[in-house]
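First up is the structure itself, then whatever we jot down about it.
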Amino acid sequence: YEEKVIDLTAYPAGSQIYIAFVMTNDNGDRWLIDNINLVQKCNAPTGPLATANESTSSAQLSWGSPAGVTLFNVQVCPFADTFGGPTTINYNGVTNPFTATGLAPNTLYKFQVQAVCPNTFTSDWFGPRSFQTASFGDTCAGPIVIPPTLPYQTSDNTSNYLDTNDIAQPLACSSQATNYMAGNDVFYTFTPTFTGNIAITLSPTNASSSIHVYNA
């Protein structure tokens, strides 16, 4: 069996429409017709499609909901791939907004959404909208993990990371009003396996660079 969907919205409201099932060019084929439904079309979601709270493995997705629709199907896949392929992640029967999980860090994705109407019929797909997950180090919730074996050394540039925290450090921390938290940030985490002192040094190439260490 193969589903056929015929859109009748081209006919003005109040029009008298005759529906017939006609076979032409009979080559010995036969039809089996079942489960015929004449229903109001399920309206697709509306814009704007939006994303928020992108982490290294998740992102909050949202859209405009048609009247009376509370459930949706969502598809997410890498931006360069085709929806419906092996890399597509399907989320069925979700609410708006919805948090997509199981994503890879520092990856450009796209998503599209489909309404599930109360009569169980679905709408056309609406979208896509692109978004990118965070890199490790972009946020405190997704830091770069320093291995337990020291010493550890890295050469990097904060221009490779997002600016996710501009809250000024306490005056007791720096003794001056300069906001060393302005600009891009990179977050690291370290869990020591020993008791003792740890030396942390920074060799910055620009002024107003700083390291802040705190107990998570």
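The values are calculated or read from the model by the stated rules, or taken from the named source; none is laboratory data. Values in this document were obtained by computation on a predicted structure and should not be read as measured data. Ideal geometry is used to build each Cβ from the backbone, glycine not excepted, and the neighbour counts take in all protein chains shown. Heads up: the accessible areas ignore ligands, DNA and RNA and are worked out on the full protein's heavy atoms, side chains in. Shrake-Rupley method; radii C 1.70, N 1.55, O 1.52, S 1.80 Å.
Remark: C-alpha extents of segment 148-216 on the principal axes read 35, 29, 20 Å, sorted largest to smallest. Considering Cα pairs under 8 angstrom that are at least six residues apart, work out the relative contact order of the chain and quote it in whole percent. Value for the chain: 15 percent. The Cα trace of segment 66-216 gives Rg and Dmax of 21.8, 66 Å, the first to one decimal, the second as a whole number.
Picking from Asn90, Asn25, Asn37, which is most flexible by a Gaussian network model of the chain using Cα springs under 10 Å? Checking each option, the largest mean-square fluctuation is seen for Asn25.
Across segment 127-143, computed HN-Hα scalar couplings (Karplus, 6.51 cos²θ - 1.76 cosθ + 1.60, θ = phi - 60°) run x, x, 9, 8, 7, 10, 6, 6, 8, 4, x, 6, 9, 5, 6, x, x Hz from first to last residue, x flagging Gly and Pro.
Note on segment 19-111: percent of Cα-Cα distances in each 5 Å bin, starting at 0 and stopping at the bin with the largest distance, equals 3, 10, 17, 17, 13, 8, 8, 8, 7, 5, 3, 1. Subtracting the Cα-Cα distance of Tyr1 and Thr195 from their residue separation scaled by 0.36 nm leaves 62.9 nm. Given springs between every Cα pair under 10 Å in a Gaussian network model of the chain, which of Ile198, Ile33, Ile19 has the largest fluctuation? Sorting by GNM fluctuation, first place goes to Ile19. At a probe radius of 1.4 angstrom, the accessible area of the chain per residue rounds to 71 square angstrom.
The stretch between Asn215 and Ser203 holds 2.0 nm of extra length on full extension. This uses 0.36 nm per residue minus the Cα-Cα distance.
Among Ala80, Ala115, Ala199, the residue with the largest mean-square fluctuation in a Gaussian network model of the chain, with springs joining Cα atoms closer than 10 Å, is Ala199. Between amide H atoms placed 1.01 Å from N, distances below 5 Å from Ile144 occur with Gly137, Phe187, Tyr188, Thr189, all of them 5 or more places distant or on a separate chain.
If the only charges are +1 at each Lys and Arg Cβ and -1 at each Asp and Glu Cβ, what is the size of the charge dipole of the chain around the Cα centre, to the nearest 20 debye?
On the way: 5 positive and 14 negative charges, 50 e Å.
Its charge dipole is roughly 240 debye.
In this simple spin-label model, placing a label point 7 Å from the Cα along the Cα-to-Cβ direction at both Ile33 and Tyr18 gives a separation of 1.4 nm.
Give the share of C-alpha pairs in each 5 angstrom bin for segment 117-171, from 0 to the last occupied bin, in whole percents, shortest bins first. Taking every Cα pair in segment 117-171, the percentages come to 4, 11, 14, 15, 13, 11, 6, 7, 7, 5, 4, 3, 0.
Tally up the carbon and sulfur contribution to the accessible surface of the chain as a whole percent, 1.4 Å probe, everything protein left in place. Write out the running numbers ahead of the final one.
Details: 7950 of 15340 Å².
Within the chain, the accessible surface is 52 percent carbon and sulfur.
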